[in-house]
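Since the structure comes first, as C-alpha cells, the remarks are kept for the end.
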Ligand SMILES: Nc1ncnc2c1ncn2[C@@H]1O[C@H](COP(=O)(O)OP(=O)(O)OP(=O)(O)O)[C@@H](O)[C@H]1O
Ligand SMILES: [Mg+2]
C-alpha cells in the first residue's frame with residue numbers, strides 16, 4: 001500500500017489492529033480506492049495467511065446457482081451435478097472469504113449468507129451440514145447503511161457485516177499521495193513494458209494533482225500505463241485528454257498545449273536550433289534559457305527529435 005497521507009495511515013492502523021482477530025470487516029469506498037488490495041493485505045497479515053483467500057464477486061451470483069457456488073453440492077444432488085463440488089465457503093476454510101461488491105448481492109443469496117453468518121455451518125446441496133471456519137471480509141462501493149434503510153439491502157445482514165467498517169478515502173481527498181503513487185506505478189509499469197521512461201515532467205504532475213480522479217487509484221494507474229507505453233524517452237508521455245471527464249484540466253490543457261505547439265513549431269522552423277538569429281528562441285521572443293526551461297516543462301527533448 002503506497003501513500004503516506006493521514007487518511008491512508010489511519011486505514012493502515014485499522015488493518016493492523018483488526019488483522020489478528022476473526023472479526024468481520026466491511027470495506028467501504030468508491031471504485032478503485034483499493035478495497036481488494038486492503039482485503040488481501042488484511043488476510044496476509046492475519047494468522048490465516050497460510051490458508052486460502054477466496055474472492056467471490058457477489059454480482060456474478062446467478063440466482064439458481066448461488067447455493068452450489070457458495071456451499072457446494074454432492075454428486076447427484078440435482079440434474080447435472082455429476083461430481084462433488086466444493087463451495088466457496090469450504091474453499092476458504094481456515095482462511096478468508098472476500099465477498100466483493102456485497103451491495104449487489106441478490107436477495108436470495110443475502111438470506112443464505114445471513115444464516116451462515118449466524119450459524120457458521122453450511123449445508124452442501126444434497127449433503128450434510130459442515131462447520132466452516134472463515135473470516136469474512138466484505139466490500140462495496142455503495143453506501144450500505146443507506147441501502148439498508150431504503151430496504152434495498154437486508155438490514156439484519158448489514159448489521160452482521162458492519163462489525164468493523166473501514167472506509168477507504170477517495171484519491172481526491174488525499175492528493176498528497178498522488179506523486180508517490182505515480183512514481184510507484186511509473187517504475188512498476190516501465191519495468192513491465194520494458195520502457196526506459198523514468199521521469200514525470202512537472203507540467204504532467206500538475207495535471208495529476210488537480211484532477212478529481214473519479215476512478216481513483218485504478219484511473220491513475222491506467223493513465224500512467226498509457227503514458228509509459230507511448231513514451232519514447234526518459235520523460236513520461238501524457239495528454240490531459242486521458243483524464244476521465246477532464247473538466248478541471250481542460251482550461252489549463254488548452255493553454256499548455258498551445259504553448260507546447262508554438263515551441264515545437266518554432267523548433268521545426270529553426271531545424272532544431274535554439275540559439276542565434278533565426279533560432280527558436282528568437283522566433284518566440286524568449287531568451288534561450290527560458291526556452292530550455294519551457295522545453296523541459298513540456299517534455300520536449302531537443303536531442304531525440306529530428307526537427308527537419
Ligand atoms: N495504496 C495503494 N498503493 C498501491 N496501489 C494501490 C493502492 N490502492 C489501490 N491500488 C491499486 O489500484 C487498483 C485498484 O485497487 P482495487 O482493485 O483494490 O480497488 P477496489 O476498491 O476494489 O475497486 P472496485 O470497487 O472498482 O472493485 C489496483 O491495481 C490496486 O493494486
Ligand atoms: Mg474491487
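The values are calculated or read from the model by the stated rules, or taken from the named source; none is laboratory data. Note that this is a predicted model, so its numbers are computed, not measured. Cβ coordinates were reconstructed from backbone atoms using ideal geometry, including for glycine residues, and neighbour counts include every protein chain displayed.
Sort out which residues of region 10-43 are surrounded by 13 or more Cβ atoms within 10 Å (Cβ to Cβ) and more than 22 Å from residue 145 (Cα to Cα), and write them in order of number. Across region 10-43, the qualifying residues are 12, 19, 21, 22, 37, 40, 41, 42, 43. Among the residues in region 168-182, are any modelled with pLDDT of 95 or more, farther than 20 Å from residue 210 by Cβ and surrounded by fewer than 20 Cβ atoms within 10 Å (Cβ to Cβ)? No. Checked against the criterion of being surrounded by fewer than 19 Cβ atoms within 10 Å (Cβ to Cβ) and within 16 Å of ligand 2 (Cβ to nearest atom), the candidates 55, 47 yield just one match: 55.
Within region 179-208, the set of residues being part of a loop (DSSP other than H, G, I, E, B) and touching a strand residue (DSSP E or B) at 6+ places or on another chain (Cβ under 9 Å) comprises 197, 198, 200, 201. Residue 25 meets all of the listed conditions (1) out of contact with any strand residue (DSSP E or B) (no Cβ under 9 Å at 6 or more places or on another chain); (2) within 16 Å of ligand 1 (Cβ to nearest atom) but one, namely (1). Within region 19-40, residues that are over 22 Å from residue 178 (Cβ atoms) and in contact (Cβ under 8 Å) with a residue 24 or more places away in the chain sit with their Cβ atoms under 7 Å from residues that are part of a strand (DSSP E or B) and near ligand 1 (Cβ under 8 Å from one of its atoms), at 6+ positions apart or across chains, in these pairs: 39/27; 39/139. Being under 29 Å from the mean Cα position of the chain (by Cα), in a helix (DSSP H, G or I) and not assigned by TED's automatic domain parsing to the domain that holds residue 44 holds for only one residue in 176, 146, and it is 176. Scanning region 206-228 for residues that are away from ligand 2 (no atom under 16 Å from the Cβ), surrounded by fewer than 19 Cβ atoms within 10 Å (Cβ to Cβ) and within 19 Å of the chain's Cα centre (by Cα) yields 209, 210, 212, 225, 226. Of the candidates 152, 218, 135, the single residue that is over 30 Å from residue 74 (Cβ atoms) and not assigned by TED's automatic domain parsing to the domain that holds residue 237 is 152. The set of residues from region 42-52 being closer than 15 Å to residue 99 by Cα and either free of Cβ contacts under 8 Å to residues at least 24 places away in the same chain or within 16 Å of ligand 1 (Cβ to nearest atom) (or both) comprises 42, 43. Residues in region 149-173 that are more than 12 Å from ligand 1 (Cβ to nearest atom) and not in a loop (DSSP other than H, G, I, E, B): 149, 155, 156, 157, 158, 159, 160, 161, 164, 165, 172, 173. Working only within region 117-142, note down all residues that are in a helix (DSSP H, G or I) and in contact (Cβ under 8 Å) with a residue 40 or more places away in the chain. Selection gives 117, 118. Looking at residue 70, is it within 13 Å of ligand 1 (Cβ to nearest atom) and assigned to a helix (DSSP H, G or I)? It is false that residue 70 is within 13 Å of ligand 1 (Cβ to nearest atom) and assigned to a helix (DSSP H, G or I).
Confirm whether residue 90 is free of Cβ contacts under 8 Å to residues at least 40 places away in the same chain and more than 21 Å from residue 37 (Cα to Cα). Here the answer is no, as residue 90 does not meet what is asked.
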